[in-house]
Number of protein chains: 2
Amino acid sequence: MDIINLKKKLSLFDEYWTPKVLGELNGQQVKLAKLKGAFIWHSHEHEDELFYILNGTLKMEFRDKTLTLREGDMLIVPRGVEHRPIAEEEVHVMLFEPAGTKHTGKIEHELTKNDQEWI
Amino acid sequence: MDIINLKKKLSLFDEYWTPKVLGELNGQQVKLAKLKGAFIWHSHEHEDELFYILNGTLKMEFRDKTLTLREGDMLIVPRGVEHRPIAEEEVHVMLFEPAGTKHTGKIEHELTKNDQEWI
């Protein structure tokens with residue numbers, strides 16, 4: 001049982017769109033990610049996904065609207081809902097989702113990371 | 001699907017030790033709480049519990065040690081582990097735990113809140 005400091009963890013990697021696992025509880029994982037640029041359209045069939053913005057501004061595109069998330073904002077994207085995150089400038093986010101959730105959903109893409117990396 | 005701003009939500013209540021539900025996903029809830037003073041010793045039989053410090057300093061006492069959590073720190077307290085949060089000054093925390101988790105665990109205490117309040 002260790003204290004996890006998010007700023008310290010953020011200093012340990014630079015890659016974008018590669019969520020790192022911070023911890024696991026009740027079958028869920030907390031992850032940390034750096035985002036920049038546009039991700040791909042995807043959805044998660046069986047998993048709701050929480051985004052919490054640590055810093056920066058993230059646009060979340062949905063098929064019918066776009067939400068703009070800023071530092072201290074949280075958004076829960078329900079399972080099945082197609083979304084596309086876009087970060088014009090670098091954004092740091094904390095994610096909360098079931099263990100095993102793939103960040104590109106069912107889509108296999110060059111951005112898809114199949115290995116879970118803990119940090 | 002709405003943006004949840006934590007600062008705004010924190011401005012909506014003043015009571016200590018009364019976690020408010022911000023959202024639910026995958027059978028888990030995200031909660032917000034203001035803490036001040038010492039809570040009671042308790043454990044959660046079947047639930048791991050995540051604490052994320054939004055601001056302030058929280059001491060988490062365990063039977064064999066005490067951890068000091070500061071802004072940006074996260075701690076996962078595994079199920080079954082007795083703990084007692086102590087906030088010398090006001091602390092704001094985000095909690096993540098299974099829906100239905102009681103903050104005093106199995107203990108019925110004057111601090112126990114049986115009603116879940118969403119915010």
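The values are calculated or read from the model by the stated rules, or taken from the named source; none is laboratory data. For clarity, every value in this text was computed on a predicted model and none was experimentally measured. As a convention, Cβ positions derive from the backbone with ideal geometry for all residues, glycine included, and neighbour counts pool all protein chains shown.
Values for this structure:
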read-out: Residue among B:24, B:61, B:47 that is among the acidic types (Asp, Glu) and more than 22 Å from residue A:76 (Cα to Cα); value: B:61
read-out: Qualifying positions in the range A:64-119 - closer than 20 Å to residue A:23 by Cα, in a loop (DSSP other than H, G, I, E, B) and in contact with a helix residue (DSSP H, G or I) (Cβ under 9 Å, 6 or more places away or on another chain); value: A:119
read-out: Residues within the range B:10-32 that are surrounded by fewer than 17 Cβ atoms within 10 Å (Cβ to Cβ), closer than 17 Å to residue B:55 by Cβ and either polar (S, T, N, Q) or facing chain A (nearest Cβ under 9 Å) (or both), tallied; value: 1
read-out: Unique match (being touching a strand residue (DSSP E or B) at 6+ places or on another chain (Cβ under 9 Å) and in contact (Cβ under 8 Å) with a residue 40 or more places away in the chain) among B:88, B:49, B:15; value: B:49
read-out: Some residue of the range B:65-81 being closer than 24 Å to residue A:72 by Cα and hydroxyl-bearing (Ser, Thr, Tyr); value: yes
read-out: Residue count for the range B:45-55, restricted to those that are at the interface with chain A (Cβ under 10 Å from one of its Cβ atoms) and farther than 20 Å from residue B:13 by Cα; value: 5
read-out: So residue B:76, is it more than 23 Å from residue B:13 (Cα to Cα), out of contact with any Lys or Arg (no Cβ under 8 Å at 6 or more places or on another chain), in contact (Cβ under 8 Å) with a residue 24 or more places away in the chain and more than 14 Å from every other protein chain (Cβ to nearest Cβ); value: no
read-out: Evaluation of residue B:97 against (1) more than 8 Å from chain A (Cβ to nearest Cβ); (2) surrounded by 14 or more Cβ atoms within 10 Å (Cβ to Cβ); (3) over 18 Å from residue A:53 (Cα atoms); (4) of a type outside the set (A, V, I, L, M, F, W, C) (one fails), failing number; value: (1)
read-out: Failed item, numbered, when residue B:9 is tested on (1) more than 19 Å from residue B:77 (Cβ to Cβ); (2) free of Cβ contacts under 8 Å to residues at least 40 places away in the same chain; value: (2)
read-out: Any hit, the range A:79-90, residues being among the β-branched types (Val, Ile, Thr), surrounded by fewer than 21 Cβ atoms within 10 Å (Cβ to Cβ), within 12 Å of another protein chain (Cβ to nearest Cβ) and within 22 Å of residue B:26 (Cα to Cα); value: yes
read-out: Sole residue being on the phi > 0 side of the Ramachandran plot, at pLDDT 95 or above and surrounded by 15 or more Cβ atoms within 10 Å (Cβ to Cβ), chosen from B:72, B:37; value: B:72
read-out: Scan of the range A:56-73 for residues that are under 13 Å from the mean Cα position of the chain (by Cα) and more than 10 Å from every other protein chain (Cβ to nearest Cβ), ordered by number; value: A:58, A:59
read-out: Any hit, the range A:48-62, residues being more than 25 Å from residue B:7 (Cβ to Cβ) and either crowded, with 17+ Cβ neighbours inside 10 Å or not polar (S, T, N, Q) (or both); value: no
read-out: Residues within the range B:40-63 that are among the hydroxyl-bearing types (Ser, Thr, Tyr) and outside any loop (DSSP other than H, G, I, E, B), tallied; value: 1
read-out: Residue A:37 being farther than 30 Å from residue B:65 by Cβ, more than 8 Å from chain B (Cβ to nearest Cβ) and in a strand (DSSP E or B); value: yes
